1. Go through the stretch 54-74 and report how many residues are outside any helix (DSSP H, G or I) and without any contact (Cβ under 8 Å) to a residue 24 or more places away in the chain.
2. Of all residues in the stretch 128-173 being surrounded by fewer than 20 Cβ atoms within 10 Å (Cβ to Cβ) and of a type in the set (Ser, Thr, Tyr), which is nearest to residue 86 (Cα to Cα)?
3. Can you pull out the residues in the stretch 329-351 that are in contact with an Asp or Glu (Cβ under 9 Å, 6 or more places away or on another chain) and of a type in the set (A, V, I, L, M, F, W, C)?
4. Among what's in the stretch 197-230 and is charged (D, E, K, R) and open to solvent by 40 Å² or more (accessible area, probe 1.4 Å), pick the residue that is nearest to residue 247 (Cα to Cα).
5. Within the stretch 261-288, can you find the residues that are within 23 Å of the chain's Cα centre (by Cα) and more than 15 Å from residue 249 (Cα to Cα)?
6. Looking at the stretch 124-135, is at least one residue under 16 Å from residue 88 (Cα atoms), assigned to a loop (DSSP other than H, G, I, E, B) and in contact with a strand residue (DSSP E or B) (Cβ under 9 Å, 6 or more places away or on another chain)?
7. Given (1) within 30 Å of residue 99 (Cβ to Cβ); (2) open to solvent by less than 30 Å² (accessible area, probe 1.4 Å); (3) of a type outside the set (Ser, Thr, Tyr), where does residue 178 come up short, assuming only one miss?
8. Do you know which residues across the stretch 282-299 are part of a loop (DSSP other than H, G, I, E, B) and in contact with a helix residue (DSSP H, G or I) (Cβ under 7 Å, 6 or more places away or on another chain)?
Amino acid sequence: MGHPTYCTILATNYLPKALALADSLKRYDTGELVVLLIDAQRADDHDLPDFPDLPGVRIVGTDILGLPDDEVLALATYYDLVEFATAIKPLLFKRLLEDSEQVFYLDPDTYLTAPMSELPGELEASEGGILLTPHFLHPLPEDAPVSEGHLLTVGVFNLGFCGFDRRAVPALEWWWARLEWECLFDFMSGLFVDQKWMDMGADLFRARSLRHHGYNVGVVNLHERPLGLDEDGFHIVGTDDALRLFHFHAFDTSRPEELSTRFDMSTAHLRTESAAVDELCKRYAADVSRHERALPPAPAYRYWNDTTGRRIPRLIRRAWRVEARAGNRPPSPFVAAEAEAWDKWRRRAWKGVAKELSGDAVKSARVAMPEEFGRFKEKFPRLVGGVRSRFVGRGGMWG
C-alpha cells in the first residue's frame, strides 16, 4: 500500500494555519497535503496572491470537485464559509480516492506532534472503510468544559479528522446527498453542518471509532487527555498513548496567552497549569507566525459580498436556498453580468426571508412550548400542516 493522501479545506485567509499543519506533517510523515481553497475556482486563480513554492503541499481550487462553476457559486451563495467548506468534504474525498487508496482529512488548525503510524492499519480494520474520532472517550465529569448534552447538538464525532478508503465511496455519496442542501448551522432542526449527518452514517456504513487518546486532542477534551512532555515527546498522561494530533480550535497568534479564543471565558489557565500545553502552543504559534509574515496579506473571503461589495446577510442566503432548491434558482450575486437582476431579486427576497423566519418561529414554539404546541396542533391540524409543508420542508424536525 502506498502513502496515504492527507487533505484540508479552507479559505485563503486561513492558509498560514494550513501551512503550519503542512510543516508538522513533513516532520513526521511523507504524505502529500492537498489544500483545497474554497475561494479559488482554480489553483491558478489570478485574483489570489502569488504563493511561494510549498514543498509537500498541493494547492487546488474547487474545480477538483467536478462540479460546474455555477453549482460551486450556488453553494457559496446559500452557505456561509464554514457550511460551504464542510459541505464539499465528501466530494473532495471521493475525488482523491480515485488516485489514492486511503485519504485522511485534517482540519487546517490541527497539528502533528508524532507520526500517525496507526492510521493505515486502523482504517484497514474498519468494516466500512471509515475512521472517525469521537469528541470524548469517557463519560464526562460534572466539571467538564462542556456537557454530554452538547454532543446532542454538535454530534458524537469531531470531523476535524476523518479517514476513508475506497470501500467508503457509497457512504461518501450518501453523505453528499445530504450535505448538498442541508449542511446547515440549524440547531432547531437538529443540524450542525456535516457532523450530525455522520452520526447516522457511522452506523449505516459501519465506521470504526478510533479509541487512541492521542488523536484530535483539543481544548474541550484536555480534562480526559492531560498532556505531558519528556525526551520522547508529547504524550497523554496516564495512558501509553503518544500525542499524535492536536486540534487548535480558534488559536489566535495576536492573543498568544490563550489556548482558544472561541469561548467567552479565558483559556489561559490551561497553559499556565500545564508546561506541556504551553510548550505545544509556543511551537505552533512560531510555525503559524512564520507563515503569516512570509505570505502576502490575505484577501477577505470573496463570497461574503456580492459583486458590488454589498454584504450578503444570512437570511438572504437562506431565501436564495429555498428558491433554488424549489427549482427557481435566483440570479448569482457573484456574476457581474447578473448584478442588476441580483439586486432586483434581493429587494423582493424578503418574502422568502419571512418564510424562513416563520419556519424558525414554529420550530421554536415546538421546542419551547411542546404542550401548548401540541394542543394547537390538535385544534388546528390543517393550519399546522400547511405551515409545516410550506415553511419547514423535508429537512424540518417536527413532532
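The values are calculated or read from the model by the stated rules, or taken from the named source; none is laboratory data. Treat the numbers as computed from the prediction; the structure is a model and nothing was measured. Positions of Cβ are backbone-derived with ideal geometry, glycine not excepted, and every protein chain shown enters the neighbour counts. What goes into the accessible areas is simple: the full protein's heavy atoms, side chains included, and nothing from ligands, DNA or RNA. Shrake-Rupley method; radii C 1.70, N 1.55, O 1.52, S 1.80 Å.
1. 1
2. In this case the residue turns out to be 153.
3. Correct list: 334, 335, 339, 342, 345, 349.
4. 211
5. Matches in the stretch 261-288: 287 only.
6. Looking through the stretch 124-135, none of the residues is under 16 Å from residue 88 (Cα atoms), assigned to a loop (DSSP other than H, G, I, E, B) and in contact with a strand residue (DSSP E or B) (Cβ under 9 Å, 6 or more places away or on another chain).
7. Every condition holds for residue 178 apart from (2).
8. 295, 298, 299
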